[in-house]
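Engineer: There's a structure below that I have some questions on.
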Amino acid sequence: MTSAADTAQEAGPEKAATKGSPDVTRPGRRQWLERLRRYWPDLGICLLFLVLAGWLTHGLWPDPTTRTLALNPEDQTLIEWFLANDARMLLGDFGLVSDRLNAPDGFNLMANATIIVPGLILAPITLLFGTGTSFAVLVAGNLAFTSIGWYLLYQRTLGAGRFPAAIGALFCGFAPGMISQSNSHPHMTAQWLVPAIVWCVVRMVQVSDPEHRDGAAGSSRRLAILAMTLATLVTVQVFVGEEVLFLTAITLALLTIAYAVVAPAFVRRVLPRFVGGMLLAVGLAGMALAYPLWMQFKGPQSVPNGVFSPDYFSADLASYAAISPLSIAGTPGAARLSTGASEYNTFLGLPMLLLFAACVWWLRRNRLVLAIVPVALLAAWLSLGPQVVLDGVRTDIWAPYELLRNKPVIEGALPMRFALILIPLIATVLVLALDRAMRSMDSPARLLVPIATVAVLLPIAPAPLPATSRAPVPTFISGGHWRQCVPSDGVLVPVPLPTPKEPDVMRWAAVANAEFRLPEGFFIAPYGAGGKASMGTYKQPTSTLLTEVAKTGQVPVITQQHRDQAARDVAFWGASCMVVAESERNAPALRTTLDSLFGPGTLIVDAWTWRV
């Protein structure tokens, strides 16, 4: 928020040529070449980010439809289904409660990480090449464009040189936490709007400062424009990833408070006008988001609480000094310090912690750095959850997240994800240190700081995301033969039905661009005790029966009671067709069971079907 007060001023516009100059109104070839020569290093750095992101995700690219991230395939299936559902917006089918899943009740998009804006952006790719390709583009694109955003911010707002800005941006986009979240959590890695949000806030501070060059005449108009821009970015980010917006807002608020302590005179000078601008931004965003947020918290299929336990999703204090298993120097044994491969948010490594401390000491006169330190410490403390966990042992040591337990909205944020706040904070300190060192012509720091930074970053540099093969979707689905059994917008019941732990058959609907509806599935909804949040829904009796057959391969004795119950369940779902893929494990037992329930099935290509 206040970086411009401590660092180089934002680059001003180039001097205008004389009035009527043909070189200004009609730039010649030489001028275009000069501009290209001036900016080609920046383009090269941005291209490097894209290439690196592509290399890290290269395991998905040979055939995205039959490749999956090995460490979190279940969430990938869910995200691919979201992408298919989001693509329907291009066809005019859009609502914040979707009927494509959990038929007949549907589910609330705002209560789930449905990445609506990325899904809409990628809709042409989804419709042309499939959700597997869109997923691969999304995972790689989030990493690359997040880095590009921070690179531009560090150059323009901090006035940093290309090398410091590139190093900071690399860490923001490819830090261990970002790589870990890339395992099918794109709503957490889609941070490409965050640098723009930060830029808006910084510019609002500058325009609010009477002593800044932009705080003079016309500043009220500029402040209003910035407030409207900020409101727009915040509104869009809600439909990209709310948790990222929450963490960003928390960070900026804490930095504001910390900066007020270290620079009270400056804050008093800018605060009145800045507050006015922020109230305008909040008011505009509030009006735009009133209905979506009402739908999220009070609308159909909304949930009153977070579905995940903060006691389980707490960071292990020892993990901060460890190196992520997904880093070049990481080892599999470190995985025991986290809840799973998608939550290595705290694995910064001891060398990085020491480098950060050294840079803070070196830059201790910088007010921005002084504001960053307490915010970083508080974020790390919050990530430890209600009680400190040390090397896998839950201690009795209190941690401040206990104050946030069961608080509305806040409880939806997992404690260990507060550690993601550290990534841009550490990166900013590194950028400031590198930039200062490289401007110190006769100081040993000119070589020492860059060498130390590279030496620390190399061990935690990311390795490619592990990927593996997955079974292809039946030709019955991919070839469009399902239309012989289910009308468009009808309900197809795959057997066994999808669950949060085994959602693979949701890929059928994803491949079919969510043209048919599915019962049950993988989502967050209010099916817990007393209407509390649950993962998925309760199973109908026939669904439970078929799941047991699929698991054991044992054919039960089917009675008239089973048939009557099956008829009631089919009516509840509004189902048109039951389907068993020939490739399904224990398919013969499932076929026999379904024949007993509904009569003889019909083979269509590579799937058995029962019209119900």
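Engineer: Could you tell me whether Arg591 is in a helix (DSSP H, G or I), under 22 Å from Asn102 (Cα atoms) and not hydroxyl-bearing (Ser, Thr, Tyr)?
Structural biologist: no
Engineer: Separate question: Check the range 558-566 and report whether any residue there is of a type outside the set (D, E, K, R), under 21 Å from Asn102 (Cβ atoms) and surrounded by 14 or more Cβ atoms within 10 Å (Cβ to Cβ).
Structural biologist: Yes, that holds for at least one residue.
Engineer: Then there is this: Please pick out the residue among Pro300, Pro304 that is surrounded by fewer than 20 Cβ atoms within 10 Å (Cβ to Cβ), at pLDDT below 95 and not in a helix (DSSP H, G or I).
Structural biologist: Pro304
Engineer: Among the candidates Ala575, Ala571, which residue alone is buried (at least 20 other Cβ atoms within 10 Å of the Cβ) and within 26 Å of Gln301 (Cα to Cα)?
Structural biologist: Among Ala575, Ala571, only Ala575 is buried (at least 20 other Cβ atoms within 10 Å of the Cβ) and within 26 Å of Gln301 (Cα to Cα).
Engineer: Report the residue count in the range 313-338 for those that are more than 20 Å from Leu354 (Cα to Cα), surrounded by 20 or more Cβ atoms within 10 Å (Cβ to Cβ) and over 23 Å from the mean Cα position of the chain (by Cα).
Structural biologist: Residues in the range 313-338 being more than 20 Å from Leu354 (Cα to Cα), surrounded by 20 or more Cβ atoms within 10 Å (Cβ to Cβ) and over 23 Å from the mean Cα position of the chain (by Cα): 0 in total.
Engineer: While we're here: From Leu377, Leu384, which residue is in the same structural domain as Met178 (by TED's automatic domain parsing) and either touching a Leu at 6+ places or on another chain (Cβ under 9 Å) or in contact (Cβ under 8 Å) with a residue 40 or more places away in the chain (or both)?
Structural biologist: Matching residue, one of Leu377, Leu384: Leu384.
Engineer: Separate question: Would it be correct to say that Ala253 is farther than 22 Å from Met295 by Cβ and under 23 Å from the mean Cα position of the chain (by Cα)?
Structural biologist: yes
Engineer: Separate question: What about Ala103, is it of a type in the set (Gly, Ala, Ser), at pLDDT 95 or above and either assigned by TED's automatic domain parsing to the domain that holds Gly173 or in a helix (DSSP H, G or I) (or both)?
Structural biologist: no
Engineer: Also: Return the residues of the range 339-355 that are in contact with a helix residue (DSSP H, G or I) (Cβ under 8 Å, 6 or more places away or on another chain) and either buried (at least 22 other Cβ atoms within 10 Å of the Cβ) or small (Gly, Ala, Ser) (or both); say none if nothing qualifies.
Structural biologist: Once the filter is applied, which keeps residues that are in contact with a helix residue (DSSP H, G or I) (Cβ under 8 Å, 6 or more places away or on another chain) and either buried (at least 22 other Cβ atoms within 10 Å of the Cβ) or small (Gly, Ala, Ser) (or both), the range 339-355 yields Ala341, Ser342, Glu343, Tyr344, Asn345, Thr346, Phe347, Leu348, Gly349, Met352, Leu355.
Engineer: Same structure again: Mind telling me which of the residues Ala452, Ala419, Ala437 ends up being free of Cβ contacts under 8 Å to residues at least 40 places away in the same chain, assigned to a helix (DSSP H, G or I) and small (Gly, Ala, Ser)?
Structural biologist: After applying the criteria, what remains is Ala437.
Engineer: Under 17 Å from the mean Cα position of the chain (by Cα), assigned to a helix (DSSP H, G or I) and buried (at least 24 other Cβ atoms within 10 Å of the Cβ), is that true of Thr146?
Structural biologist: yes
Engineer: Working carefully through the options Ala510, Ala587, Ala533, Ala575, find the one that is among the small types (Gly, Ala, Ser) and in contact with a Ser or Thr (Cβ under 8 Å, 6 or more places away or on another chain).
Structural biologist: Ala510
Engineer: I'd like to know if the range 122-144 contains one or more residues that are within 19 Å of Ala433 (Cβ to Cβ) and of a type outside the set (D, E, K, R).
Structural biologist: Looking through the range 122-144, none of the residues is within 19 Å of Ala433 (Cβ to Cβ) and of a type outside the set (D, E, K, R).
Engineer: Please count how many residues of the range 197-223 are surrounded by fewer than 17 Cβ atoms within 10 Å (Cβ to Cβ) and not basic (Lys, Arg).
Structural biologist: Within the range 197-223, residues that are surrounded by fewer than 17 Cβ atoms within 10 Å (Cβ to Cβ) and not basic (Lys, Arg) number 6.
Engineer: For the range 234-243, how many residues meet the condition of being of a type in the set (A, V, I, L, M, F, W, C) and either touching a Ser or Thr at 6+ places or on another chain (Cβ under 7 Å) or buried (at least 23 other Cβ atoms within 10 Å of the Cβ) (or both)?
Structural biologist: Number of matching residues: 1.
Condition check ((1) closer than 24 Å to Leu492 by Cα; (2) in contact with a helix residue (DSSP H, G or I) (Cβ under 9 Å, 6 or more places away or on another chain); (3) not aromatic (Phe, Trp, Tyr)) across all residues:
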{"residue": "Pro73", "(1), (2), (3)": "yes, no, yes"}
{"residue": "Phe82", "(1), (2), (3)": "yes, yes, no"}
{"residue": "Arg88", "(1), (2), (3)": "yes, yes, yes"}
{"residue": "Pro104", "(1), (2), (3)": "yes, yes, yes"}
{"residue": "Phe107", "(1), (2), (3)": "yes, no, no"}
{"residue": "Thr114", "(1), (2), (3)": "yes, yes, yes"}
{"residue": "Pro118", "(1), (2), (3)": "no, yes, yes"}
{"residue": "Pro124", "(1), (2), (3)": "no, yes, yes"}
{"residue": "Leu138", "(1), (2), (3)": "no, yes, yes"}
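Engineer: Let me ask something else about it. Go through the residues of the range 402-421 one by one and say whether even a single one is of a type outside the set (Val, Ile, Thr), closer than 24 Å to Ala53 by Cα and surrounded by fewer than 23 Cβ atoms within 10 Å (Cβ to Cβ).
Structural biologist: no
Engineer: Another one. Please go through the range 552-575 and pick out each residue that is among the acidic types (Asp, Glu) and more than 44 Å from the chain's Cα centre (by Cα).
Structural biologist: The answer is Asp564, and nothing else.
Engineer: Also: Which ones in the range 590-608 are in contact with a Ser or Thr (Cβ under 8 Å, 6 or more places away or on another chain) and within 16 Å of Thr542 (Cβ to Cβ)?
Structural biologist: Listed by number, the residues that qualify are Leu597, Gly601.
Engineer: Just to be sure before I move on: is Ala258 in contact (Cβ under 8 Å) with a residue 40 or more places away in the chain, touching a Pro at 6+ places or on another chain (Cβ under 6 Å) and in a helix (DSSP H, G or I) in the structure I sent?
Structural biologist: Yes; evaluated as a whole, the condition is true for this residue.
The values are calculated or read from the model by the stated rules, or taken from the named source; none is laboratory data. Computed from a predicted model, the values in this text were never measured in an experiment. A quick note on method: Cβ atoms are made from the backbone with ideal geometry, for glycine too, and the neighbour counts reach across all protein chains shown.
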